[in-house]
Structures are given as C-alpha cells and as structure tokens.
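Following: one structure in structure tokens, then a few remarks.
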Amino acid sequence: MQNMAKAHFGLIGLGVMGENLVLNAERNGYSSVVFNRSREKTDAFLSGRGAGRDIQGAYTLPEMIAKLERPRRILMMIKSGGPIDAMIATISPLLEAGDLLIDGGNSLYSDTERRVAELESRKFGFIGMGVSGGAKGALEGPSMMPGGTRESYLAIEGLVQKMAAQVEDGPCVSYIGPGGSGHFVKTVHNGIEYGVEQILAEAYDLMKRVCGLETGQIADVFAQWNGMEELESYLVEITEICLRSKDPADNSDLVEKIVDVAGQKGTGLWTVISSLEQGVPCPTIYAAFNARVISSLRQERLAAEAVLHGPEPLSPAGLCAPDKAMAPIRDAAILSVITSYAQGMALLAAGSSSHGYDLDLSSIAQIWKGGCIIRARLLKRIQDAYERDANLPNLMMDPWFADQINRRLPGLRHVVSSAALSGVPVPCFSAALDYIDSYRSGRLPQNLVQAMRDCFGSHTYERLDQPGSFHTAWIQ
Ligand code: 6PG
C-alpha cells in the first residue's frame with residue numbers, strides 16, 4: 001500500500017452514489033482514495049466492489065490527504081447541510097493552497113454560494129456540483145452541473161468530461177457558472193422532475209379512474225407515448241416499467257399496492273421558494289410540489305372521503321381513445337411537460353441575472369440530454385430554441401413550441417374540463433392550462449385588482465389612455 005502512487009482524487013462518503021462515482025472515475029483512468037466515517041464500510045467496499053481496482057482506502061482524513069496528488073481534488077458525497085459544513089471545518093486545516101473540495105450532493109445553492117466565497121478567500125477551491133442520474137447514472141455516466149470559479153472547474157474538467165454521460169454533441173457536463181450556480185441549476189432540474197413525475201401520475205390516474213383501463217393497458221399507452229419525439233424520455237420509460245412490475249407474492253400489479261404518499265427531500269421546495277422569491281411563475285412545478293404535500297395528509301383524506309362528496313367519474317365523449325394513443329390525455333401530458341420545462345428555464349434565466357450566474361440555457365439543455373432524470377428528446381428542441389435566441393422570454397414563444405401549444409391546447413382543455421366534471425384532481429394539468437391561458441392573454445383582470453388596491457389603500461394605478469400615476473376617491 002505504501003508504495004502505491006498518489007491517487008488522482010479522493011472521495012468522502014461511500015453511499016451508493018459515492019461508490020458508483022468512484023468506480024466510474026476508475027474505469028475512466030482516474031485512481032482514487034476513499035474515506036468513510038465507518039471503517040467497516042471502507043473495508044467492505046475495498047474487498048467487494050472496489051477489489052482489484054486502482055482504489056485505495058484511508059481510515060483517517062490525514063491519511064487520505066497524504067495519499068492524494070497535488071493539487072488535491074476531493075469529492076464529498078455526504079448528506080447536505082450541517083454534515084457538509086462539519087466536514088469542511090474538519091478537513092480544511094489539512095488542505096494546502098490550491099486544493100479543491102467538490103460537493104456532489106443536493107445542497108441548497110445559497111449554502112454553496114457561502115462556501116465558495118469562504119473557501120476561495122482561504123485560497124482553496126470549492127465546486128458545488130449537481131449530479132443527476134441516480135445510482136445507475138453515477139456508475140455509467142451521470143449529468144453533472146459544476147459551479148464555482150472557472151479555475152476550479154478546469155482542475156476537474158478532464159475527470160468530469162470522461163465520467164459524464166455522452167450524447168451526440170459531447171459529454172453531459174460543462175462549466176455552469178460562479179458561486180452556487182451548479183446547485184441552483186440542479187435544484188431547478190429537480191423542480192422540473194417533480195412536474196414531469198406528477199404529470200405522468202395524473203395521466204395514469206385519468207386512464208385508470210375515468211377511462212377504466214387496466215394497469216397493463218396503461219403501460220401500453222406509455223410505451224406508445226415513449227415512441228414520440230415530444231414524450232420520449234427516461235421518466236416515461238420508467239413509468240411503463242413501474243406499471244408492468246408485478247408483486248412476486250401474487251403476481252398482481254405492484255404499483256397498486258404502494259401507499260399513495262409521495263416523499264420529498266427538499267429540492268422541489270427550494271425550486272418553489274426560489275420561484276416565489278424571483279417572481280417567476282412556476283405553477284406546474286408548484287402544483288406538483290403541492291400534490292406531494294396533500295398526498296401526505298393520507299389520514300385526513302381518508303376521513304374526508306366519507307364527508308365530502310364528488311361525482312361518479314364519467315367518461316366524457318372522446319376523452320378516452322385507446323386506439324389513438326389516448327390523444328387528449330397525451331396532448332395534455334405533452335403541453336404540461338412543456339410548461340414544466342418552460343417554467344424551469346424561465347426560473348434559470350431570472351436566477352442567472354439576479355445572482356450574476358451568466359447561465360447558458362442552451363448548454364444547460366445540452367447537458368440534460370443524457371444521464372439525468374429529466375433526460376428527454378424534447379431537450380434537443382430546448383437546446384435549439386435557446387441557441388437561436390438566448391434571450392427568449394419564454395420557451396412557449398419559440399416557433400416549434402408555440403406550434404405544439406396551438407395544436408394541442410384543445411386536448412388539454414378537454415382533459416381539464418373532463419377531470420373537473422369527474423371529480424378527479426389534476427393539479428398539474430390544471431396549472432399548466434391556467435399558465436398557458438394567462439400567458440397568452442393580452443388583457444387580464446388585474447385592472448380590477450388595481451382599482452381595489454387604490455380604493456382601499458390609495459396605492460394608485462396607471463391608465464391605458466394616459467401616462468402617469470393616478471388616484472381616485474372611489475368612495476364618496
Ligand atoms: C437526480 C435526482 C436525485 C434525487 C432526487 C429525489 O437528479 O438524480 O433528482 O437527486 O433522487 O432529489 O428527490 P425527492 O426525494 O425530493 O423526490
């Protein structure tokens with residue numbers, strides 16, 4: 001062991017993501033030294049999945065530091081929040097100028113902002129890197145979103161470009177921007193992920209409860225959808241897989257046995273908070289977040305079911321068309337997915353200017369095309385849209401997307417109205433429809449809101465026919 005060459009990079013945290021990233025790096029020619037809080041875990045990895053690889057273990061942080069080539073590059077794959085700060089406090093006295101820490105977890109971007117500033121001021125590098133793709137992605141090629149100084153990024157560029165998923169126009173990683181930009185972009189990625197997951201769940205619910213399809217038939221519909229440019233994606237693909245999976249105990253549909261309460265670890269909430277702070281409407285994403293929250297009130301919902309009555313789900317004419325790939329529900333899903341991406345991209349654009357991140361939206365769409373959870377064929381269209389016009393006010397204004405909206409809006413309307421008449425909640429479909437209808441309205445009723453504000457609070461208003469600020473004595 002003593003004679004081994006110094007390792008290219010260090011990893012702290014041997015959870016499944018950490019293990020897989022280290023194996024990925026090693027496969028790509030980067031040796032490593034791994035450290036985990038518990039010695040047993042390190043031993044188990046080195047004698048198990050890490051055996052026979054160019055991977056050394058370390059039982060203390062000083063031992064890990066001593067085994068690394070300089071400048072040191074150390075990836076932390078540990079719990080975000082307090083544990084990251086605690087690790088920085090412990091390890092930083094051991095580092096030397098130029099050494100670099102990378103946080104590959106789902107950290108709050110404002111925390112990353114603070115850590116970058118703090119560590120850079122001490123002549124260390126700090127990269128906050130969003131990593132998407134789950135355990136499989138980490139091993140085979142994730143999408144990575146590194147933010148920090150460009151100099152720090154350049155120190156890991158060779159490594160991350162090799163580790164990342166590869167698509168036709170390059171690796172799914174690129175320099176995102178300064179400060180917490182990498183984690184900001186990953187957070188918004190997850191907000192879009194929440195939206196798409198909920199949209200697909202709503203489509204399933206309508207096909208099941210309103211159209212009366214069996215789970216296997218619904219899986220067939222998703223399989224068909226996955227053949228379309230607009231919907232082909234990892235999430236549609238795994239929806240089909242989930243719907244086809246059987247409970248080995250009795251060969252029944254496993255999905256029907258799962259408790260209808262969705263968990264969440266924070267990034268969806270952060271996306272919503274950021275959208276509220278930035279004043280960027282993200283109603284589809286917000287609806288997806290709320291849908292998880294209301295799902296968690298399971299006991300209340302079960303009690304309310306007996307008290308609050310709804311209609312019998314009906315199957316309105318033309319809604320359920322298995323022969324036509326459930327065309328209205330398909331169109332509702334396509335447009336809702338488009339709004340989820342449109343809102344996420346608008347939030348990125350706003351965050352870019354308010355935080356000074358100078359984000360390249362086209363390049364972000366490019367690195368989401370492979371490896372990550374929201375990878376989808378549609379991202380090529382998003383990449384092209386921002387390539388054509390980096391200042392596009394909203395994705396829906398790009399000609400290709402505008403055409404999708406105009407062609408498929410009747411389907412979305414049909415679905416939302418039918419769901420309302422059937423008493424089946426479709427929060428994302430409804431939010432998407434409201435978003436599109438509000439955005440395409442040259443005249444909204446906020447003239448009356450302004451009148452009320454001026455009436456009770458003298459807040460003043462502007463007029464269409466004259467410049468200036470006006471106040472009226474509304475109540476004589
Ligand atoms: C990814 C995922 C990943 C994680 C989600 C789950 O991109 O690989 O987003 O980071 O699985 O954060 O989030 P929730 O538990 O909040 O659904």
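Please verify whether GLU387 is open to solvent by 80 Å² or more (accessible area, probe 1.4 Å) and touching a helix residue (DSSP H, G or I) at 6+ places or on another chain (Cβ under 6 Å), treating the condition exactly as stated. Taking the combined requirement at face value, the residue satisfies it. The set of residues from segment 255-268 being more than 7 Å from the ligand (Cβ to nearest atom) and assigned to a helix (DSSP H, G or I) comprises VAL255, GLU256, LYS257. Each residue in segment 279-313 was checked for being assigned to a helix (DSSP H, G or I), surrounded by fewer than 17 Cβ atoms within 10 Å (Cβ to Cβ) and touching a residue at least 40 places away in the same chain (Cβ under 8 Å), and 0 of them qualify. For segment 55-73, the set of residues classified as open to solvent by 40 Å² or more (accessible area, probe 1.4 Å) and under 33 Å from the mean Cα position of the chain (by Cα) consists of PRO71 only. The strands (runs of 3 or more DSSP E) found entirely in segment 1-61 that carry 2 or more residues being touching a strand residue (DSSP E or B) at 6+ places or on another chain (Cβ under 7 Å), at pLDDT 95 or above and not hydrophobic (A, V, I, L, M, F, W, C) are 55-58.
Where residues in segment 361-377 are touching a Ser or Thr at 6+ places or on another chain (Cβ under 7 Å) and part of a helix (DSSP H, G or I), which of them is least open to solvent (accessible area, probe 1.4 Å)? Residue satisfying both the conditions and the ranking: ILE367. Residue pairs whose Cβ atoms lie under 6 Å apart, separated by 6 or more positions or on different chains, with the first residue in segment 357-376 and without any contact (Cβ under 8 Å) to a residue 40 or more places away in the chain and the second in a helix (DSSP H, G or I) and more than 16 Å from the ligand (Cβ to nearest atom), are LEU361/MET345; LEU361/TYR386; SER362/GLN383; SER362/TYR386; SER362/GLU387; ALA365/ILE382; ALA365/GLN383.
Sort through SER418, SER430 and tell me the only one that's over 20 Å from SER295 (Cα atoms) and either without any contact (Cβ under 8 Å) to a residue 12 or more places away in the chain or crowded, with 20+ Cβ neighbours inside 10 Å (or both).
Numbers: SER430 fails: over 20 Å from SER295 (Cα atoms).
One residue alone meets the criteria, SER418.
Highlighted here are the helices (runs of 4 or more DSSP H) found entirely within segment 74-157 that include at least 2 residues which are within 16 Å of the ligand (Cβ to nearest atom) and of a type in the set (Gly, Ala, Ser): 134-140. Residue check: is ASP358 open to solvent by 50 Å² or more (accessible area, probe 1.4 Å) and away from the ligand (no atom under 16 Å from the Cβ)? It is true that ASP358 is open to solvent by 50 Å² or more (accessible area, probe 1.4 Å) and away from the ligand (no atom under 16 Å from the Cβ).
Kindly establish whether ILE55 is β-branched (Val, Ile, Thr) and either without any contact (Cβ under 8 Å) to a residue 40 or more places away in the chain or under 15 Å from ALA5 (Cα atoms) (or both). Show your work before the answer.
On the way: β-branched (Val, Ile, Thr): yes; either without any contact (Cβ under 8 Å) to a residue 40 or more places away in the chain or under 15 Å from ALA5 (Cα atoms) (or both): yes.
So ILE55 fits the description; yes.
Checking VAL415 against (1) in a helix (DSSP H, G or I); (2) within 23 Å of LYS186 (Cβ to Cβ); (3) among the aliphatic types (A, V, I, L, M), which single condition isn't satisfied? Evaluating VAL415 over (1) in a helix (DSSP H, G or I); (2) within 23 Å of LYS186 (Cβ to Cβ); (3) among the aliphatic types (A, V, I, L, M) leaves (2) as the failure. Candidates in segment 189-240 are the residues that are more than 20 Å from ALA291 (Cβ to Cβ) and within 16 Å of the ligand (Cβ to nearest atom); of these, the one that is surrounded by the fewest Cβ atoms within 10 Å (Cβ to Cβ) is GLU237. Within the set LEU347, LEU395, the sole residue that is over 25 Å from VAL160 (Cβ atoms), buried (at least 23 other Cβ atoms within 10 Å of the Cβ) and within 20 Å of the chain's Cα centre (by Cα) turns out to be LEU395.
Checking each residue in segment 15-52 for being touching an Asp or Glu at 6+ places or on another chain (Cβ under 9 Å), among the small types (Gly, Ala, Ser) and touching a residue at least 60 places away in the same chain (Cβ under 8 Å) picks out only GLY29. From the residues in segment 166-178 that are farther than 17 Å from GLY370 by Cβ and open to solvent by 10 Å² or more (accessible area, probe 1.4 Å), which one is nearest to the ligand (Cβ to nearest atom)? Filtering segment 166-178 for residues that are farther than 17 Å from GLY370 by Cβ and open to solvent by 10 Å² or more (accessible area, probe 1.4 Å), the one nearest to the ligand (Cβ to nearest atom) comes out as TYR175.
Could we say that THR271 is in contact (Cβ under 8 Å) with a residue 24 or more places away in the chain, assigned to a helix (DSSP H, G or I) and more than 15 Å from the ligand (Cβ to nearest atom) here? Walk me through how you get there before you give the answer.
Working: in contact (Cβ under 8 Å) with a residue 24 or more places away in the chain: yes; assigned to a helix (DSSP H, G or I): yes; more than 15 Å from the ligand (Cβ to nearest atom): no.
For THR271, the condition - in contact (Cβ under 8 Å) with a residue 24 or more places away in the chain, assigned to a helix (DSSP H, G or I) and more than 15 Å from the ligand (Cβ to nearest atom) - is not met.
The values are calculated or read from the model by the stated rules, or taken from the named source; none is laboratory data. Remember, it's a predicted structure, so these values are computed and weren't measured experimentally. Neighbour counts run over all protein chains shown; Cβ positions are idealised from the backbone, glycine included. Ligands, DNA and RNA are excluded from the accessible area calculation, which covers all protein heavy atoms including side chains. Shrake-Rupley method; radii C 1.70, N 1.55, O 1.52, S 1.80 Å.
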